[in-house]
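A short reminder: the numbers here are calculations on the coordinates, not readings from a lab. If you're wondering where the values come from, they're calculated on a predicted model, not measured in any experiment. So basically every Cβ, Gly included, is an ideal-geometry build from the backbone, and we count neighbours across all protein chains shown.
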Amino acid sequence: MQYDVIVIGGSYAGMAAALQLVRARRKVLVIDGGQRRNRFASHSHGFLGQDGVAPGEIARAARAQLEAYPTLTWHDGIAETASGVRDEFVVRTANGESHSGRRLLFATGVKDDLPAIPGLAERWGKAVFHCPYCHGYELDQGRIGVIGTGPASVHQAEMLTEWGDVTFLTNGVVELDAATRRALRDRGVTIEEGRIARLDGAADAVMADGRRLAFAGFFTAPRCTPSTSLADSMGCETEETPMGIQLRTDATKETSVKGAYACGDVGRAPHSVSLAVGDGAWAGVNVHRSLIWPDGGR
């Protein structure tokens, strides 16, 4: 069987794209490994109509709605290889199956390269976050620690003063010139240049000199990279953003490989559930248009 579209990645962006396509009665295969990026968070915020709902519940409800459409096929598993050209793509899965499709859509998401601080990974999505619009309000204007990772952390610290009393923990990673220090202090940011030994308790930073700094929560700006190398193996070009590496796409979400598209966190920045859903819906529409007109109706 040849599918009109194979969507690799069945989280928010992938499902939003698939919805547009099955509603156009196109045959769609979604291949999903079940590793949502926000699986560590207990609640999702900032997504209209779903504010405060558990991420897993949003995903389950969306999948149930998709599976009501007869032209959808869902495969729980890992896509191991992707190859081919427009109208003749082939995706092989970990269980040995081979699937062909006219179009490919990468909605594989990204992986976060977290700071190597003991105790941080265990608190990721619970007391350590990256998006203030998703998690800032819940800290109730309390004391916020921004853990430095690079230049983007300065912007993050300045911005987070909208949500609480900010301490910028450079952790020996971020060098601050005089102008940057002045800009941070003008925003009311406290600068802490000691090294962090570990995170402890609910949201405490234990410093290398033994001091314990208590916070309502932390934010950090991890570097992101595509969660799989599938698109790279096909020759899809990537680009550097302030948040890390993503797949390069044009205005229609098509990658540098004709007929292969990308959406969600792997194909846009910044990142949130709302933005991923919108990006996925736009990608689904454009993939459908490309199946009608060779030039996508441009």
(request) Please sort 164-171, 220-227 by packing, taking for each peptide the average over its residues of neighbouring beta carbons within 10 angstrom, highest first. (result) 164-171, 220-227
(message) What's the ranking of 266-277, 130-141 by average number of surrounding C-beta atoms within 10 Å, highest first?
(response) 266-277, 130-141
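Quote to one decimal, in nm, the extra length available between Arg211 and Ser233 on full extension: 0.36 nm per residue of separation minus the C-alpha distance between them.
Numbers: separation 22, 0.36 × 22 = 7.92 nm, distance 4.73 nm.
Extending this stretch completely gives an extra 3.2 nm.
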(request) First measure r as the distance between the Cβ atoms of Tyr137 and Arg289, then evaluate 1/(1 + (r/R0)^6) with R0 = 25 Å and state the FRET efficiency to the nearest 0.05. (result) 0.10
(message) Can you tell me the convex hull volume per residue for segment 1-122, based on C-alpha atoms, in Å³ to the nearest whole number?
(response) 130
(request) With a bin width of 5 angstrom, please list the P(r) values of segment 75-162 as percents of all Cα-Cα pairs, from the 0 bin to the one holding the largest distance. (result) 3, 10, 17, 15, 11, 7, 8, 12, 12, 5, 1
(message) In 5 Å bins starting at zero, report the fraction of Cα pairs in segment 115-220 per bin as a rounded %.
(response) 2, 14, 27, 27, 20, 9, 1
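By Kyte-Doolittle mean hydropathy of at least -0.5 and Cα axial length of at least 20 Å, which whole DSSP H helices of the chain are selected? Intermediate values should be presented prior to the final figure.
Details: long enough: 273-292 (29 Å, 0.80).
Going by DSSP H runs, the hits are 273-292.
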(message) For segment 274-289 and segment 75-92, what is the centre-to-centre distance using only Cα atoms, to the nearest Å?
(response) 20
(request) Mind listing the long-range amide H neighbours of Ala41? Cut-off is under 5 Å, sequence gap 5 or more, other chains count too, H placed in the peptide plane at 1.01 Å from N. (result) none
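Determine, for Phe106, Phe47, the number of other Cβ atoms within 10 Å of each Cβ, and report the residues in order from fewest to most. All intermediate terms of the calculation are to be shown ahead of the outcome.
Working: Phe106 33, Phe47 19.
Fewest-to-most ranking of Phe106, Phe47: Phe47, Phe106.
Report for the chain the percent antiparallel among DSSP-assigned beta bridges with both residues inside it, nearest 5.
Working: 27 of 61 bridges.
Given both bridge residues lie in the chain, the antiparallel proportion sits at roughly 45 percent.
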(request) Round to a whole angstrom and tell me the spacing of the C-alpha centers of segment 13-40 and segment 162-214. (result) 40
